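Please treat every number below as a calculation from the coordinates, not as lab data. Please read all numbers here as calculations on a predicted model, not as lab measurements. Here Cβ is always computed from backbone atoms with ideal geometry, including for glycine, and neighbour counts include all displayed protein chains.
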Amino acid sequence: MSDPQRKIKLLVVDDIVETRNNLINLLYFEKDIEVIGSATRGQEGIDLAKKLQPDIVLMDINMPDMDGITATERIMQQVPGVSVIMMSVQGEQDYLRRAMRAGAREFLVKPFTSEELTSGIRHVYAENQNLRRLQPVVTAGQGTPAADASDDHLGEVISVFSPKGGVGRTTIITNLAVAVKQHSKKRVALMDGSLFFGDVGIMLDVRNNKTMNDLQGRVDQLDAQLLTDVMMTHSSEVKILLAPPKPEQAELVVAEDLKRIIQELRRNFDYVFIDTFPSLKEETQLAILDASDYILTVMTLEMPSIKDVRLFLEVAELLEYPRDKIVLILNRADSKHGLRAENIEATIGHPITATIVSSGAAVTLSINRGTPLVMDAPDNPFSKDIEALAKRIIAGTLNQKESGKKGKEVAAVGGEHGKGSGKPGGLLGGLFKKR
Ligand SMILES: Nc1ncnc2c1ncn2[C@@H]1O[C@H](COP(=O)(O)OP(=O)(O)OP(=O)(O)O)[C@@H](O)[C@H]1O
Ligand SMILES: [Mg+2]
């Protein structure tokens, strides 16, 4: 637990004497902050950080011998537990990006007010305390990243995608991750890859001041411990890696980082579920899709959704994804829409692996409560459909159509085209063909 009497220990690194003195004077009257040292050069800052073990280093970006970004990178590597706040006269995106990638936790643009400075320091310190509080509970229990993570262990990566927004991706993946945990007791991770407007946190009512942004500049140090630090435990014991809190921070997440994160999740969990957002232009989204063993592709019984899924299937082919990798899920499926699942399969040339019933108000209510319906109302037909899908994931039979029908049989329905019988006229030709 944090000691309320304990002061935040600060090291100031800035080559300009006046700036250094100003900062020290500014902080002198703050009862909870103590400047324990100051340095004029990057290397001196690293040496002092090692020696004095401050809580926070206040680092200038532009210094003659070694810039603040390089110094920050080295401090991150050599002095565990220290946080860096970067200061710069330039507030450009590029600086911010580089600072964050180096591992800085906060970015202050000069000139800043004393209020901005002290609240930045307190915020970073509180985050760090939170992180340390989490550390003692690190055990290799169920749902915790594997203490024995090894290259041999590779969990299954299952993402949910749709070329269209609002079709139920987040609803499905949150419920599914929880259902797999409920029925398997395996280690389950859920990553919110819907980077700009991620909804996983709100749907599961989890708040964390750590998100995947906190892995920036640290992906090379990724291990079970670091994952534990940035992930959140849901009451179901699913471990959650949240999306960046703000859209502008999402821009800092790059495809290469995501690949590393997914790789490490795979090593530490049995199942890694990933939410996405509909963009094939975004390299981050392609990185997620590439890394997935299965892409649960969600579609609803509406013509635009069906058309877009069909186009996505063509893209998947161009990307040379194995056909089995695309698992079509028909969401909000009921008979009122005038479209038959069988006809859709025939038209788009791909089997529908599972259908999920429309549960109207119950789903909305559960979302607003922040409790997945599979926990709140396990007997609801929606929960039952999710449970069935979860059980097939656990049993390794995701490629087989529900109700015991083999995927192959279904493929034969859609497979008309695959067999070279020619596609129906027009993009959606044949959809309304009578059976
Ligand atoms: N099977 C279902 N039954 C009833 N309502 C559903 C069902 N699936 C999704 N919904 C509703 O549809 C809405 C959109 O769902 P959700 O946010 O999961 O979609 P999304 O594809 O993740 O959207 P976004 O593009 O915003 O990320 C929600 O209000 C949810 O309540
Ligand atoms: Mg969503």
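A few remarks follow.
- Residue-normalised convex hull volume from the C-alpha trace of the stretch 8-136: 98 Å³ per residue.
- Our estimate of slack between ALA388 and GLU283, defined as 0.36 nm per intervening residue step minus the Cα-Cα distance, is 34.6 nm.
- Computed FRET value (nearest 0.05) for GLN225 with MET303, which takes r as the C-beta separation and R₀ as 56 Å: 0.70
- Distances between placed amide hydrogens fall under 5 Å for THR297 paired with PHE161, VAL327, LEU328, ILE329, all partners being 5 or more residues away or on another chain.
- Across the stretch 156-421, C-alpha contacts under 8 Å between residues 6 or more apart give a mean separation that, scaled by the residue count, equals a relative contact order of 25 percent.
- Relative contact order [Cα under 8 Å, 6+ residues apart], the stretch 8-136, whole percent: 21 percent
- An oblate overall shape is assigned to the stretch 325-368, the ratio a/c of its alpha-carbon gyration tensor axes (a ≥ b ≥ c) being 1.5 or greater and a/b not exceeding b/c.
- Cβ-based net charge around PRO244, under 10 Å, with every Lys or Arg adding one and every Asp or Glu removing one: -3
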